[in-house]
1. Whether any residue in the stretch A:330-347 is surrounded by fewer than 14 Cβ atoms within 10 Å (Cβ to Cβ), within 29 Å of the chain's Cα centre (by Cα) and over 28 Å from A:GLY267 (Cα atoms) is what I want to check.
2. I'm trying to understand the selection: among the residues of the stretch A:258-293, which are closer than 19 Å to A:GLN308 by Cβ and among the hydrophobic types (A, V, I, L, M, F, W, C)?
3. Could you run through the stretch A:221-249 and say how many residues are surrounded by 20 or more Cβ atoms within 10 Å (Cβ to Cβ), among the hydrophobic types (A, V, I, L, M, F, W, C) and under 24 Å from the mean Cα position of the chain (by Cα)?
4. For B:ALA71, state whether it is away from every other protein chain (no Cβ under 11 Å), part of a helix (DSSP H, G or I), touching a residue at least 12 places away in the same chain (Cβ under 8 Å) and small (Gly, Ala, Ser).
5. Please count how many residues of the stretch A:267-283 are aliphatic (A, V, I, L, M) and surrounded by fewer than 24 Cβ atoms within 10 Å (Cβ to Cβ).
6. What are the residues in the stretch B:87-119 that are outside any helix (DSSP H, G or I) and without any contact (Cβ under 8 Å) to a residue 60 or more places away in the chain, if any?
7. Test of understanding: among B:ALA54, B:ALA63, B:ALA44, which residue is out of contact with any Ser or Thr (no Cβ under 8 Å at 6 or more places or on another chain) and of a type outside the set (D, E, K, R)?
8. How many residues are within 24 Å of A:GLU375 (Cβ to Cβ), of a type in the set (A, V, I, L, M, F, W, C) and part of a loop (DSSP other than H, G, I, E, B) when one looks only at the stretch A:176-215?
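The values are calculated or read from the model by the stated rules, or taken from the named source; none is laboratory data. What you see is a predicted model, and the numbers here were worked out from it, not measured in a lab. Neighbour counts are summed over all protein chains in view; Cβ atoms, including those assigned to glycine, are modelled from backbone coordinates with ideal geometry.
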Amino acid sequence: MSFESSATAAGPAGSPPPHTVLVVDDEPTARLALVARLKRLGYRVIQAGDGKAGLEALRRERPELTILDWMMPEMDGPSFCEYVRQDPELQTSQILMMTSHDQPEQIAEGLARGADDFLSKAASKYEITARVQAGMRAATLVRRLKDATEEIRQKQEALEQELQSAARYVESLLPPSGTILPGVQMVHAYRPSLGLGGDLFNVVQWSEDVLGLYLLDASGHGVSPALRSASFVTFLRKDSLLRHVGSNDPGAILTEANKQFPLTESGHYFTIVFASLDLRCHTLSYATAGHGGALLHRRSGEVCWMVQPNLPLGFDPSTSYVTATLPIGPGDRLYLLSDGLYEFPAASGELWGRGRLEKTIQTLGQQPLKTVITETIAEAVRWQGHEQFPDDVALMGIEVAI
Amino acid sequence: MSQDRVFSFDEALARVDDDRETFQMMIELFIEHGPKDLVEAQSALDAGNALGVARSSHKLKGALLQFCAPAALHACKELEESAKAGNLANGAQLYATLEQEVQRLLVALRQVYDKGMAA
């Protein structure tokens, strides 16, 4: 039987449109009685004489509630339910199955195949009214939930786009890999944990012979640390450092930064390693603030960690950070790295740790710097068993050729 | 058999909230479709098609429930349940009873219809 429609009169002017009920039954007398009752209850009613026509009506009209006979030609009630439950567009429609099948196993079958409730064909008018109203309440709640979910999804999508835009900005602050001074090559890897990281690194060119190098880590993850890091990077620009510090001495820079960037109200802070590479004097000066430091891999194969135990920035404005100096020669490599590169666990819970990182870099030895950077990250990924690091990961390698 | 023993007019009318216009249309529909359902059940029975008998009698039962016609409803349920069980051995006898009861109901409904539905 083809689809038939019989809409009721709309509600009073200004009132919301009436909810819609679809009645699917091949027996016209019973269908007429039910349709008349539903209209008296104030619903808009559409009807169909078999399951197939009912499904077409459901797709077209999206009624809140469908009242469905179990046994029908073309498509029976349970099959109708299965179609509806497989279609994401129709899933919010509540289905009330009419049946004289009142055996528990048959009711279980109907529920398993997608019906929400049952209505005996011999039910009183009071029971019919109560079941329909209950179904309509459920339909209203389900649709509200779907609308709310969609609203959240849209907001999340907008937020993701904002984050991606911010992430592109943060990455634009990073220096390009390549030759940063004649005889000095730099390669880096950057893997923020949430798309937008609080780790940043860069190069400050003091003169033709002297480079400043730093890697900072803002505590926390996401937008707030990324913004704080971007602000700190502004402070670490050459003109700013000359104005605020008047020196390229790492210890002096961190001592001033400690005053400029106190703990936030929520207790967030920075850790940083700052180094100055002097090609004329063949020295590497550095200072650290709460940071795990940098790794110097000498051409000879010797490895040393450049780190001084002291507070992160912002904890105590009276803290002085001291500069340490090392000799540096051709073929030596300096690696500035965030603690996210070694403080992460394998599936077993065991941390990768500084020892494995150091050994990895040592083993890669004098292979091209780009290979060392790439393979070190790859080895870390192999250890944890997946690509996504729990914390921001930054690794900057500098090779001195002269 | 009197009309009241074939079906309960008051009860059937109450099921549709005393909506006489709707009830009149229901009678019209049943007068048109009831005999067709009987014919379908008969044809299925003749063909030994138990599923067809079950379907036709199930459909007819839906209408009979609306008219509060206990004898016809009982006969219809007996035929439907027997056919669902795949047992048509007594099908002819059950069908004959059903046909008789449905015919009685049709006569009673026509009487009500012809008298008019005005309260």
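1. yes
2. A:PHE261, A:PHE270, A:ILE272, A:VAL273, A:PHE274, A:ALA275, A:LEU277, A:LEU284, A:ALA287, A:ALA289
3. So the answer is 1.
4. yes
5. 1
6. Of everything in the stretch B:87-119, those that are outside any helix (DSSP H, G or I) and without any contact (Cβ under 8 Å) to a residue 60 or more places away in the chain turn out to be B:ASN87, B:LEU88, B:ALA89, B:ASN90, B:GLY116.
7. B:ALA54
8. The qualifying residues number 0.
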